[in-house]
Amino acid sequence: MAVNAPASPAANLRITLEQWQALQGVVDHGSYARAAEALHKSQSAITYAVQKVESLLGVKAFEIHGRKAVLTDAGQVLYRRARTLVEEAVALERGASGMTADWKPEMRLAVEVVFPTWLLLQCLATFAKERPETRIELYESVLGGTDEALLQGNVDIAIGSQVPAGFLGNPLMRLRFIAVAHPDHPLHRIGRELSHRDLAQHRQLVIRDSGTQRTRPGGWLGAEQRWTVSNKATSIRAATMGLGFAWYPEENIRDELASGVLKPLPLKEGAVKWAELYLVFADLDYAARDTLRLAAIIREAVASECARQTDTEPTPSRVAVKARGRALSAVKRRVPE
């Protein structure tokens with residue numbers, strides 16, 4: 001006698017992903033009308049989808065206060081679950097599409113501008129020798145811009161100064177920032193250790209946060225006179241022209257320090273700052289073969305530079321670079337052949 005197999009959990013689902021997405025959309029966009037516009041649906045379709053969720057579950061997700069729909073306590077629980085469900089579905093779809101081929105035609109990465117440019121280009125050149133046909137889409141980001149590139153799904157991999165919520169990353173390297181100005185800058189003529197009050201009286205050069213929200217702190221910003229630029233090279237050039245002072249990663253200005261066009265400022269405190277950089281995958285579970293390979297190349301290059309800097313005899317301008325080199329860390333990961 002045949003025995004009927006128990007129904008799978010999927011067979012009992014009564015609410016579609018599209019309906020959950022409608023509920024999430026109303027909350028995220030603030031109204032049924034804006035949710036309909038964002039999801040490319042009619043407002044009546046969004047209203048019906050939300051009502052369907054409520055009727056099938058026997059709960060009220062929204063209450064109308066004036067002209068605004070407000071979540072009930074039960075609605076808040078449903079919204080959190082709906083958001084997680086939709087995000088997982090999007091990640092699954094994106095990841096599965098990347099698994100259809102061993103190599104992807106395009107590699108997208110966001111890299112904080114403080115990461116040494118020469119080292120990044122060296123890594124990309126190594127990758128290009130192996131995969132010359134792969135297009136590279138590089139976002140040179142600052143602070144929140146790196147986070148947004150990951151959160152919005154615009155990149156496969158990122159190198160940033162923090163790991164955004166919901167992601168996992170590994171420490172890649174530490175950067176030593178030093179306060180510098182041109183040797184003829186008025187701050188170098190004071191003839192004593194400098195305080196932050198001294199700095200506040202002179203122009204500070206700042207690189208703009210490339211994120212749209214700009215909620216990430218960017219360090220000390222106490223100077224009333226300030227030039228904010230978008231490009232690292234522009235800021236460094238301005239400093240070499242005596243137009244202001246700034247903190248830069250020492251590795252990024254080693255030539256300027258060696259040639260004497262930039263000189264460390266003798267601050268009582270804060271002359272040196274450290275920042276950790278992390279290597280973060282958009283989704284390691286679904287990372288394509290080329291994503292894993294480029295990550296391995298970056299780790300190997302950082303580890304090699306660490307060893308080289310440690311073994312190199314320091315010159316006056318490279319003493320701190322050697323110290324930074326000892327602080328570099330690289331995490332090995334097995335990559336498919």
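The values are calculated or read from the model by the stated rules, or taken from the named source; none is laboratory data. Source: prediction; values computed, not measured. Glycine also receives a Cβ, built like all others from the backbone with ideal geometry; neighbour counts cover every protein chain displayed. Surface accessibility is based on the protein's heavy atoms, side chains included, excluding ligands, DNA and RNA. Shrake-Rupley method; radii C 1.70, N 1.55, O 1.52, S 1.80 Å.
The table below gives the values:
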item: Filtered residue count, region 188-221, keeping only those that are farther than 28 Å from V111 by Cβ, surrounded by fewer than 15 Cβ atoms within 10 Å (Cβ to Cβ) and not β-branched (V, I, T); result: 9
item: The lone exception for V155 - which of (1) under 21 Å from S210 (Cβ atoms); (2) surrounded by fewer than 21 Cβ atoms within 10 Å (Cβ to Cβ) it fails; result: (2)
item: Per-region count, region 55-83, residues in contact with a Gly (Cβ under 9 Å, 6 or more places away or on another chain) and at pLDDT 85 or above; result: 4
item: Single residue of region 165-177 satisfying the filter (open to solvent by 10 Å² or more (accessible area, probe 1.4 Å) and part of a strand (DSSP E or B)) that is farthest from L277 (Cα to Cα); result: F177
item: Identity of the residue in region 1-41, surrounded by 13 or more Cβ atoms within 10 Å (Cβ to Cβ) and part of a loop (DSSP other than H, G, I, E, B), that ends up modelled with the highest pLDDT; result: K41
item: Looking only at region 47-93, and only at residues there that are closer than 16 Å to E18 by Cα, basic (K, R) and under 35 Å from the mean Cα position of the chain (by Cα), the one that is least open to solvent (accessible area, probe 1.4 Å); result: R83
item: Of residues in region 124-147 being acidic (D, E) and part of a helix (DSSP H, G or I), the one surrounded by the fewest Cβ atoms within 10 Å (Cβ to Cβ); result: E130
item: Only one of L150, L121 that is at pLDDT 95 or above and in a helix (DSSP H, G or I); result: L121
item: Where a residue in region 260-271 is under 17 Å from I236 (Cα atoms) and at pLDDT 95 or above and its partner, wherever it lies, is open to solvent by 30 Å² or more (accessible area, probe 1.4 Å) and of a type outside the set (D, E), with Cβ under 7 Å and at least six apart; result: G260/P183; V261/H182; L262/H182; K263/P183; K263/H188
